[in-house]
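Novice: One structure, as structure tokens, below. Some questions next.
The values are calculated or read from the model by the stated rules, or taken from the named source; none is laboratory data. Please read these numbers as outputs of a predicted model, since none were measured by experiment. Note that each Cβ is placed from the backbone with ideal geometry, even for glycine, and that neighbours are counted across all protein chains shown. Surface accessibility is based on the protein's heavy atoms, side chains included, excluding ligands, DNA and RNA. Shrake-Rupley method; radii C 1.70, N 1.55, O 1.52, S 1.80 Å.
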Amino acid sequence: MFSQATPYVLYGAPHSLYTGKARCYLRNQGIAYVERPTSHPDFVARIAPALGRAIIPVLETPDGEIIQDTIDIIDYFERRGDVRQVYPSTPLQHVVAVIIEYFGCQAMRKHAMHYRWSYLPEQRDFLWHAFVTGSGEAVAEKVMGRMHSYLPALGVTEQTAPLIERSYETLLDTLEAHFAVMPYLLGGRPSIADYGLIAPLFAHLGRDPVPAAIMKQRAPRVFRWVERMNAPGLDTVEYPEQASAFVADDTIPPSLEPFLRYIAEEIFPELDDKLAFFDRWIAEQRPGDGMPVADKPHRRQLDTVNTQYRGVPIEVGAEPYLLYVLQRAADTMAIVNDEAAARVGTQLERLGLARAVPSGRDYRVARENNIEVWRFD
């Protein structure tokens with residue numbers, strides 16, 4: 001594992017969804033790091049100005065490189081090697097892992113933010129402590145108010161709230177059955193799928209009092225997985241016969257399939273409608289190659305999209321970042337041979353997930369200097 005005289009510095013917060021994803025990776029891989037809050041003088045004086053916005057998580061390497069975004073942080077270490085690789089080397093598992101990562105880090109923000117802010121009266125003291133710890137008392141209330149205001153743009157409304165809660169219960173039930181069989185989503189070690197899913201299932205749903213109580217009571221194995229993902233190394237004591245490898249032969253564990261079908265029910269038609277919006281926006285606006293996806297670094301949404309969540313109309317923000325996540329699945333499909341592509345496509349169709357791979361587009365989202373930009377083939 002990595003060793004260095006000067007550790008890596010992770011700027012984040014205990015209650016931050018995306019910080020939790022990066023933190024789990026560093027802990028699991030045995031990478032020495034220290035964590036600092038956004039109120040730290042270095043973040044205020046150096047990191048935020050370098051990024052052009054205050055955003056977390058941010059990794060500062062021992063040689064001073066600043067890396068923002070969990071995908072870029074994880075990929076930095078994956079490229080360097082000397083870690084347990086989190087991207088499966090086989091195409092079906094790789095594509096499915098990326099789709100699960102998308103679901104956890106993007107689609108599950110509904111669940112995370114609903115339970116955090118819709119139940120604010122029941123957990124205000126807990127959240128106040130968290131935000132004061134992360135941001136300082138002077139700005140905690142302002143930050144909490146801003147976060148609360150994001151609910152409608154995520155599709156969290158009075159009409160969708162009961163559906164989101166039933167969805168959370170289904171998620172717990174399907175994962176509980178899977179973790180009765182194996183410790184991680186694709187076998188005996190975490191993949192990028194686990195790191196995507198831990199983002200909401202730790203910081204919000206496994207930590208905030210109301211959803212965490214539901215998890216502990218309804219799905220104790222899921223809560224144990226949350227603990228496992230926050231442990232150093234592979235904390236798999238309950239699975240003594242489990243090899244520390246992904247499932248063999250590029251197969252998907254049968255115990256995971258109900259969860260994958262549930263994901264398909266969750267992400268469509270919203271993902272369809274967002275991808276169609278991006279196609280129209282690109283055709284109409286014709287941005288130049290290398291142009292930032294938005295006019296300001298802190299702005300992530302291009303516009304809003306009218307769509308549905310489980311049959312209920314919603315209006316949600318369209319963030320090109322979702323392409324940055326899912327296009328890695330399309331990239332995998334583009335480099336495999338025809339036979340492998342057909343096999344993967346058949347399995348994705350069977351699970352209802354084929355449309356989650358945004359293939360066939362001549363544009364993509366890249367990141368340069370920690371800012372998303374448009375790129376064209």
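Novice: For region 176-203, give me each residue that is closer than 16 Å to Phe246 by Cβ and among the acidic types (Asp, Glu).
Specialist: Across region 176-203, the qualifying residue is only Asp194.
Novice: Further, regarding this structure: Within region 291-304, is even one residue open to solvent by 60 Å² or more (accessible area, probe 1.4 Å), among the hydrophobic types (A, V, I, L, M, F, W, C) and more than 30 Å from Arg84 (Cβ to Cβ)?
Specialist: For region 291-304, residues open to solvent by 60 Å² or more (accessible area, probe 1.4 Å), among the hydrophobic types (A, V, I, L, M, F, W, C) and more than 30 Å from Arg84 (Cβ to Cβ): present.
Novice: Sticking with this one: Go through the residues of region 107-117 one by one and say whether even a single one is more than 23 Å from Gly145 (Cα to Cα) and among the aromatic types (Phe, Trp, Tyr).
Specialist: The answer is no; no qualifying residue exists.
Novice: Here's a follow-up. Among residues belonging to region 200-211 that are open to solvent by 10 Å² or more (accessible area, probe 1.4 Å) and among the hydrophobic types (A, V, I, L, M, F, W, C), point out the one that is farthest from Ala107 (Cα to Cα).
Specialist: Val210
Novice: Now for a separate question. Suppose the filter is over 21 Å from Phe202 (Cβ atoms), open to solvent by 20 Å² or more (accessible area, probe 1.4 Å), more than 15 Å from the chain's Cα centre (by Cα) and of a type in the set (Lys, Arg); does Arg53 pass it?
Specialist: Yes: the conditions hold for Arg53.
Novice: Restricting attention to region 337-366, report how many residues are open to solvent by 40 Å² or more (accessible area, probe 1.4 Å) and either under 24 Å from Tyr321 (Cα atoms) or of a type outside the set (Lys, Arg) (or both).
Specialist: 13
Novice: Right, next: From (1) surrounded by 14 or more Cβ atoms within 10 Å (Cβ to Cβ); (2) on the phi < 0 side of the Ramachandran plot; (3) in contact with a helix residue (DSSP H, G or I) (Cβ under 8 Å, 6 or more places away or on another chain), pick out the condition that doesn't hold for Ile47.
Specialist: Here Ile47 meets the rest and fails (3).
Novice: I would also like to ask the following. So which pairs qualify, if the first residue must be in region 126-146 and more than 18 Å from Pro41 (Cα to Cα), the second must be open to solvent by less than 70 Å² (accessible area, probe 1.4 Å) and among the aromatic types (Phe, Trp, Tyr), the Cβ gap must be under 6 Å, and the two must be at least 6 apart or on different chains?
Specialist: Within 6 Å, the pairs are Val143/Phe131; Met144/Phe131.
Novice: Can you find, within region 319-336, the residue that is nearest to Asp249 (Cα to Cα) among those that are open to solvent by 50 Å² or more (accessible area, probe 1.4 Å) and out of contact with any Ser or Thr (no Cβ under 9 Å at 6 or more places or on another chain)?
Specialist: Ile335
Novice: Got a sec? Which of Gly206, Gly196, Gly188 is under 30 Å from Asn306 (Cβ atoms) and of a type outside the set (A, V, I, L, M, F, W, C)?
Specialist: Gly196
Novice: Let me ask something else about it. State all residues of region 215-252 that are assigned to a helix (DSSP H, G or I) and open to solvent by less than 20 Å² (accessible area, probe 1.4 Å); if no residue qualifies, say none.
Specialist: Met215, Val222, Trp225, Val226, Arg228, Met229, Asp250
Novice: Turning to a different aspect of this structure: For region 169-199, name all the residues that are assigned to a helix (DSSP H, G or I) and open to solvent by 10 Å² or more (accessible area, probe 1.4 Å).
Specialist: Hits for region 169-199 are Glu169, Thr170, Asp173, Thr174, Glu176, Ala177.
Novice: Right, something else. Report, by residue number, each residue of region 335-365 that is free of Cβ contacts under 8 Å to residues at least 60 places away in the same chain, aliphatic (A, V, I, L, M) and closer than 28 Å to Ile73 by Cβ.
Specialist: Listed by number, the list holds a single entry, Ile335.
Novice: Look at Val316 and say whether it is assigned to a strand (DSSP E or B), more than 22 Å from Ile192 (Cα to Cα) and either without any contact (Cβ under 8 Å) to a residue 60 or more places away in the chain or open to solvent by 50 Å² or more (accessible area, probe 1.4 Å) (or both).
Specialist: no
Novice: Sort out which residues of region 117-130 are assigned to a helix (DSSP H, G or I) and open to solvent by 10 Å² or more (accessible area, probe 1.4 Å), and write them in order of number.
Specialist: Leu120, Pro121, Glu122, Arg124, Asp125, Phe126, Trp128, His129
Novice: Also, quick follow-up: Does Asp69 fit the bill of being more than 17 Å from the chain's Cα centre (by Cα), of a type in the set (Asp, Glu) and either open to solvent by less than 20 Å² (accessible area, probe 1.4 Å) or modelled with pLDDT under 95 (or both)?
Specialist: So Asp69 fails the test.
Novice: Checking Leu163 against (1) outside any helix (DSSP H, G or I); (2) more than 22 Å from Gly20 (Cβ to Cβ), which test does it fail?
Specialist: Every listed condition holds for Leu163 apart from (1).
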